[in-house]
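Notes for the one structure printed next.
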Amino acid sequence: MDSLKSEIAAAAARMVVEEGLEYGPAKRRAVKQMGLPARTALPGNDEVEEAVIDYIELFCADTQPAELAALRKLALTWMERLSVFRPHLGGAVWHGTATRLSDIYIQLFCDDSKSAEIALIDHDVDYEPRTMSGLHGDAVEALSLRSKCPELGETIGVHLMVYDHDDLRGALRPDTKGRSPRGDLAAVRALIGA
């Protein structure tokens, strides 16, 4: 990676960790803050993730592991509540780069796309329907809610991304680093137990 992309990745990583921004907005804001042209070539998400890991190791090594553990426990709680929809945890909470400012992203693989929404309504859960960028960059319906995290003493954003059951097959392909891009209930339990 060239030095300019490295600088953008480092600036974006700081925003991801300190402000809870997602990678895309953090990269664009880093370019703007650095006074670079809007069409400047951006680093890939893998490069930003490496910079996030470096930043956490340097500045957050004493707090981030406990914050990550708390977020994973909260994610597991929601996954257990919605276990009928084959939940899979993704994003920074799954990959281990989350901090207390990170949101939780859970993919649900439903036989009927409205069934998850009905389950939330039946349990009096306040949520906001929205569209997000999902698997392979395609738009996906999401049910976004706020959930209290007792260990952190904060309210955390939880995004339930609703997919068709058949989408599960393609969702488990390894990422560019050969890692599983998301984990099911058993995998998240194993992460928490480790």
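Read-outs: derived from the displayed coordinates by stated rules, not from any lab. It should be emphasised that the depicted structure is a prediction, and the values quoted were computed from it without experimental measurement. Here Cβ is always computed from backbone atoms with ideal geometry, including for glycine, and neighbour counts include all displayed protein chains.
A few notes on this one:
- Sorted from greatest to least, the principal axis extents spanned by the alpha carbons of the chain come out as 50, 35, 31 Å.
- Translational D in µm²/s for the range 29-70 (Stokes-Einstein at 25 °C, 0.890 mPa s, Kirkwood Rh from C-alpha pairs): 201 µm²/s
- Kirkwood-based shape ratio for the range 1-53, expressed as Rg/Rh from alpha carbons: 0.91
- Value of Rg/Rh across the range 109-186 [Cα atoms, Kirkwood radius]: 1.00
- Environment charge at residue 94 (Cβ cut-off 10 Å; Lys +1, Arg +1, Asp -1, Glu -1): +3
- Surrounding net charge for residue 167, when Lys and Arg each add one and Asp and Glu each subtract one, Cβ distance under 13 Å: -1
- GNM remark for the chain: springs join alpha carbons under 10 Å apart, and the peak mean-square fluctuation among 85, 59, 109 falls on 59.
- Working note: Karplus 6.51/-1.76/1.60 with θ = phi - 60° gives the range 126-134 the couplings 6, 8, 10, x, 7, 10, 10, 7, x Hz, where Gly and Pro are set to x.
- Length-normalised contact order of the chain in % [C-alpha pairs under 8 Å, at least 6 apart]: 19 percent
- Taking a sphere under 9 Å around the Cβ of residue 192 and counting the other residues whose Cβ falls inside, with K and R at +1 and D and E at -1, yields a net charge of +3.
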